[in-house]
Amino acid sequence: MHTAEGSVSLEAIVETAVSELPLRIRRAQRTIINEGSAHVVVLLEDYAAVRVTRDLFTANKLRRRQQLVDSIPSDLGLTLPRSLGPVVEIEGHAAVATEFISGAPCPAGEGEPEELQRLLEAVSSIDPGPLQSMLNEPLSFCGGANWYSVQIEEVIPRIDQQFRNLAREAIAALAHLEPEEQVFSHGDLGGYNVMWHRGQATGILDWDLSSMSDRSTDLASLGVWHGWEKLSKIAGADQVTRAGIRRNTFRLQQLGFLIIAHRPESEVSAAIGRANSWIAENLA
């Protein structure tokens, strides 16, 4: 089995996370999914999934994130990766065994607007009152209250010279976005974070970025994955415009996360390339 970053093996972390689960789950065949820059997921057939943080930066947030997932009301109409065991910590990593969420991601560019609207409304209708202490501040993954400084001081200098003014303009547009009604926001509502079956969204994964925001945050994520042209059938023109402002900084936000999380330079360099390419194709 592959190893997580550091001296402890991924196998040892998973064994610790599932140690109190039934034997059939502990003995289930395991499949490793390199989910992203923050986590590795190990599937135990269709019994469970073990989420493992790659570093201390994300390990410190896993416990609160899982508490949030477990506290979201069960009448949401969508399945969530609720805990099967406690969050465990070992040598700078954290892990938790959760319920297996069946289904598959919707192929990029697909998804009926009516179903996307149902998905968006289901998330934004979650009552944030009992969950406030478990929510992140907006843009916490890339600096939180200091996100603008991170962008200007850390991100912009790494962008190709020819694209820096365009990047600054995109960042400034987000910084000056007029406040709007705040609702519960998943923060990354699209792609591999939503499971589908027969044309319907059935479950939502990865609640790490959940915060109070306006609807344009999740609307932007849906548009990027399912097709921007569908947003006019889901929301009004003003919301679509706000979503576009957020979308224009997504690659820059991702780069900011990697920088402040002290991820390997190879990952940072790859993110710089993606940001440059996106600006050249969409903003230049």
Exercise. Calculate how large, on average over all directions, the projected area of the Cα convex hull of region 126-284 is; give the answer in nm² to one decimal.
Key: 10.2 nm²
Self-check item: Between helix 250-260 and the chain: long-axis angle, C-alpha atoms, 0 to 90°, nearest 10
Solution: 60 degrees
Quiz prompt | Karplus-derived 3J(HN,Hα), 6.51/-1.76/1.60, for each residue of region 190-206, Hz, glycine and proline x | solution = x, x, 7, 8, 10, 9, 10, 8, 6, x, 10, 6, 10, x, 10, 10, 6
Quiz item: So what is the accessible area of the chain per residue, in Å², with the probe set to 1.4 Å?
Solution: 47 Å²
Quiz item: Which value, to two decimals, describes the C-alpha radius of gyration of region 1-144 once divided by 2.2 N^0.38 Å?
Solution: 1.12
Quiz item: Could you sort 131, 283 by accessible area so the largest value comes first, with the probe set to 1.4 Å?
Solution: 283, 131
Quiz item: Quick one: helix 216-226 against the long Cα principal axis of the chain, what's the angle to the nearest 10°, folded into 0 to 90?
Solution: 80 degrees
Self-check item: Cα pair distances exceeding 25 angstrom across the chain, given as percent
Solution: 49 percent
Exercise. Heads up, I need the accessible area for residue 160: 1.4 angstrom probe, whole protein in place, Å², nearest 10.
Key: 70 Å²
Quiz prompt | Solvent accessible area, Å² - residue 233, 1.4 Å probe, full protein context | solution = 150 Å²
Self-check item: Cα centroid of region 198-244 to Cα centroid of region 7-43, whole Å
Solution: 31 Å
Quiz prompt | With Cα atoms, 0 to 90° folded angle of helix 265-282 axis to the chain main axis | solution = 40 degrees
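The values are calculated or read from the model by the stated rules, or taken from the named source; none is laboratory data. The shown structure was predicted, so the numbers you read here are calculated from the model rather than taken from an experiment. Side chains are part of the model used for accessible areas, which takes the heavy atoms of the whole protein and leaves out ligands, DNA and RNA. Shrake-Rupley method; radii C 1.70, N 1.55, O 1.52, S 1.80 Å.
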